[in-house]
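Please treat every number below as a calculation from the coordinates, not as lab data. Predicted model only: the values in this text are computed from it and were never measured. All Cβ positions, glycine included, derive from the backbone under ideal geometry; neighbour counts span all protein chains shown.
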């Protein structure tokens, strides 16, 4: 992807990367808030991995990588890692929202 900014030093490059990192973390936090909400709608932990949804997301972000001129393998690796981490987080939230019920006697 081409940028509209031409950096004149390594420090310039790093400042732009730091700015983008801040925005990416903000967006990851926003995405995480929606993942937590999703946990509340799922009746069982078995619904959390949602392989069909994962495939749909990966296909969509691959198309976005092409559209924006991003490195497709990098985008795929980042999204797979992010999805794995969010699945683990969603399991934790789901366990809190839907604790196992003690057996009735």
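If R₀ is 25 angstrom, what is the calculated FRET efficiency for the pair residue 97 and residue 74, using the beta carbon separation as r and rounding to 0.05?
0.15
What is the helix-to-structure angle for 72-97, meaning the angle in degrees between its Cα long axis and the longest Cα principal axis of the chain, kept from 0 to 90 and rounded to the nearest 10?
In the chain, helix 72-97 runs at an angle near 30 degrees to the longest axis.
Given the peptides 86-95, 12-21, arrange them by the average over their residues of other C-beta atoms within 10 Å, most packed first.
The packing order, highest mean first, is 86-95, 12-21.
What is the log10 of I(q)/I(0) for region 1-41, computed with the Debye formula using one identical point scatterer on each Cα and no solvent, at q = 0.21, 0.32, 0.33 Å⁻¹?
-0.71, -1.01, -1.03
Roughly what percent of Cα-Cα pairs across region 53-105 reach past 17 Å?
51 percent
With label points built 7 Å along Cα→Cβ from the Cα atoms of residue 17 and residue 30, find their separation and express it in nm.
Output for this residue pair reads 2.4 nm.
Going by alpha carbons, how many degrees (0 to 90, nearest 10) lie between the helix axis of 51-68 and the longest principal axis of the chain?
Around 10 degrees separate the two axes.
Between residue 60 and residue 47, 0.36 nm times their residue separation minus their Cα-Cα distance comes to what?
Extra length available between residue 60 and residue 47 comes to 2.6 nm.
When averaged across all projection directions, what area in nm² does the alpha-carbon convex hull of region 10-97 cover?
Approximately 6.6 nm², given one-decimal rounding.
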